[in-house]
Amino acid sequence: MFETLWSLIVEQGWGLALLRGALVTICIGLVGMVIGLIAAVPFAIARWQRIPVLSQMVDVYSIVVRGVPGLLVIYLLFFGSVDWVQKVAVVFGYRDIAETAYPSIIGILAIATISCAYSIEVMRGALETVPKGLLEAAKSLALPPSVAFLRITLPLALRLALGGINNVWQMTIKDTSLVSIVGMQELMRMAAIAAGITRSPLLFYCIAASLFFAMTAVSQTLFGLAERHTNRGFSGG
Amino acid sequence: MDFTIVAYAIPFLLTGAKTTLLISVFGVGLGLPFGILLALARTSPNRLVCKAADAYCSVFRGTPMLVQIFVIYYGLGQVGFLRSNPVIWWLIGDGLHAAILAVLLNTGAYTAEIFRTAFLSLPRGLVEAAEACGMSPWIILRRIKFPLALRQALPSYSSEVAIIVKESSLASTIAVLEITGWAKRLMSETFAIMDIFIITSVFYLTLNVVGLTALKLLERQLWFERRPTRRKAASPCPS
């Protein structure tokens with residue numbers, strides 16, 4: 001029992017492959033999440049300020065992406081861009097690069113698209129809970145709007161948004177597993193390959209599950225610390 | 001938008017919608033009682049039961065649904081005694097059954113979290129009053145705790161229902177053709193990616209709107225209003 005385990009995981013190198021896959025998963029998740037968050041800030045501000053046309057467009061985007069399975073969004077981006085990317089790559093002579101890097105770019109883009117839609121809602125909610133009085137006080141001190149936003153609204157909103165961002169992150173890291181369906185070499189894909197070759201799906205999917213579990217557990221702890229840090233001075237402490 | 005493609009796609013997506021609906025209905029119908037049981041286990045005074053339910057919930061909430069569905073469908077079939085047990089093999093041997101089982105186990109963990117917070121938010125005084133009236137634990141649960149907790153939990157649970165509908169799309173990864181599975185097939189068949197995406201999202205949004213509206217109506221039905229004329233009719237003790 002232990003000998004077969006040892007030979008599968010260490011001698012055949014599947015353990016290392018899975019760990020590398022896990023690293024890729026973390027990278028896709030982080031990059032996708034950060035792109036999504038950065039893109040979400042202007043969209044959330046547009047919804048918060050109710051800018052006429054933009055606000056409705058953002059609304060439609062966020063409702064559609066949040067109402068539709070992540071898998072479908074990934075299919076749309078992946079199948080919808082194959083042709084187009086190929087043409088662009090041929091024109092510019094980057095064919096090889098396009099073929100190798102293509103799944104990762106689309107994968108990250110898909111993760112960013114999904115996480116952005118959820119981040120918009122979180123941020124808008126947080127922006128709306130910033131007390132009006134503080135903004136009026138800033139205005140009466142003749143602070144320029146940009147300074148008022150960067151020094152007063154944003155820090156307060158970020159504190160309130162942290163819990164929601166935590167949820168979005170938990171969801172994003174789990175959504176990265178969906179990218180494996182279109183052939184990206186991350187943890188889930190590695191586990192599937194290993195399961196196929198060694199014919200022991202139970203073992204490898206369970207290892208993948210425990211790696212995912214470790215990721216969410218660690219990030220949960222980190223977010224807990226961050227929340228305690230940003231709540232300094234707010235709850236009697 | 002090309003209408004021949006729309007006309008071509010809709011019958012296929014409708015058959016897919018049937019499967020999605022089937023998975024979701026089982027997910028809600030069996031997942032809700034399962035989740036409530038788990039929530040009760042997590043709030044129970046028995047340490048062992050409490051710890052076990054906690055562990056179950058954190059495992060199912062901390063791993064992607066895709067891994068769970070693969071472990072159930074591909075992984076468990078590897079174990080000899082599960083294969084030879086006809087009941088379990090009926091559950092995990094067929095793609096649709098395995099998908100329903102995975103959705104049910106997954107949503108149970110999230111539902112338990114929703115109901116646990118609802119149970120914890122109940123005012124202590126009400127339960128103490130019920131105990132003082134001599135109600136048995138079962139009656140307290142049925143007549144005091146559950147109706148109040150349901151009202152608390154319903155708004156969060158309705159978003160969980162929308163999540164169930166979306167998660168059922170993962171059944172397409174184990175060759176169960178539901179809406180997303182059909183959409184993928186149609187996309188690679190017709191190459192009208194955007195058109196198919198739009199039609200499919202209309203399907204999903206309709207399902208979600210119908211589900212959420214039904215729950216909203218239920219929520220309004222359960223909404224507690226203090227009507228002065230009805231107050232006399234309420235009797236404090238079951239006699």
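The values are calculated or read from the model by the stated rules, or taken from the named source; none is laboratory data. Keep in mind the model is a prediction, meaning the values are calculated, not measured. No Cβ is skipped: glycine too gets one built from the backbone with ideal geometry, and neighbour counts run over all protein chains shown. These area figures cover heavy atoms from the full protein model, side chains too; ligands, DNA and RNA do not enter into them. Shrake-Rupley method; radii C 1.70, N 1.55, O 1.52, S 1.80 Å.
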**Fill in**
On the accessible surface of chain A, probed at 1.4 Å with all protein chains in place, carbon and sulfur together account for a percent value of 69 percent
**Prompt:** How much accessible surface area, in Å² rounded to 10, belongs to the heavy atoms of B:Asp2 with a 1.4 Å probe?
**Reply:** 70 Å²
**Request:** Please express the shape of the range A:25-185 as an equivalent ellipsoid: the semi-axes are the square roots of 5 times the eigenvalues of the C-alpha gyration tensor, given largest first in whole angstrom.
**Result:** 35, 17, 14
**Prompt:** Quick one: longest stretch of chain A between exposed loop trypsin sites (Lys or Arg not before Pro), exposed meaning at most 15 other C-beta atoms within 10 Å and loop per DSSP?
**Reply:** A:51-198
**Prompt:** So what's the protein assembly as shown giving for Cα Rg divided by 2.2 N^0.38 Å, two decimals?
**Reply:** 1.08
**Prompt:** Using a Förster distance of 22 Å, how high is the FRET efficiency between B:Ser58 and A:Glu3, based on the Cβ-Cβ distance and rounded to 0.05?
**Reply:** 0.10
**Prompt:** Which of A:Gly15, A:Gly107, A:Gly67 moves the most in a Gaussian network model of chain A with Cα springs under 10 Å?
**Reply:** A:Gly67
**Request:** For helix B:3-42, report the angle its Cα long axis makes with the longest principal axis of the Cα atoms of chain B; keep it between 0 and 90° and round to the nearest 10°.
**Result:** 30 degrees
**Message:** Below 17 Å, Cα to Cα, which aspartates and glutamates can A:Lys132 reach? Residues fewer than 8 away in the same chain don't count.
**Reply:** none
**Prompt:** Dividing the convex hull volume of the Cα atoms of the range B:3-222 by its residue count, what figure in Å³ per residue is obtained?
**Reply:** 141 Å³
**Message:** Below 28 Å, Cα to Cα, which lysines can A:Lys174 reach? Residues fewer than 8 away in the same chain don't count.
**Reply:** B:Lys18, B:Lys51, B:Lys166, B:Lys184
**Complete:** So the FRET efficiency between B:Ile88 and B:Ile5, C-beta based with R0 = 45 Å and rounded to 0.05, is 0.60
**Asked** Where only protein heavy atoms count, and the probe is 1.4 Å, what is the accessible area per residue for the protein assembly as shown in Å²?
**Response** 53 Å²
**Prompt:** How big is the A-B contact in terms of buried accessible area, both chains counted, 1.4 Å probe, rounded to the nearest 100 Å²?
**Reply:** 2700 Å²
**Request:** Output the residues of the range B:76-101 meeting this criterion: accessible area (heavy atoms, 1.4 Å probe) in the chain alone minus accessible area with all protein chains in place is 50 Å² or greater.
**Result:** B:Gln78
**Request:** Please identify the helices of chain A, taking whole runs of DSSP H, that span at least 15 Å along their own axis as judged from the Cα atoms and have a mean Kyte-Doolittle score of 1.6 or higher.
**Result:** A:14-49, A:70-92
**Request:** Give the cross-link partners of B:Lys216 among the aspartates and glutamates, using a straight C-alpha distance below 15 Å as the criterion and excluding same-chain residues fewer than 8 apart.
**Result:** B:Glu160
**Fill in**
Across A:168-180, the residue-averaged tally of Cβ atoms belonging to other chains within 10 Å stands at 3
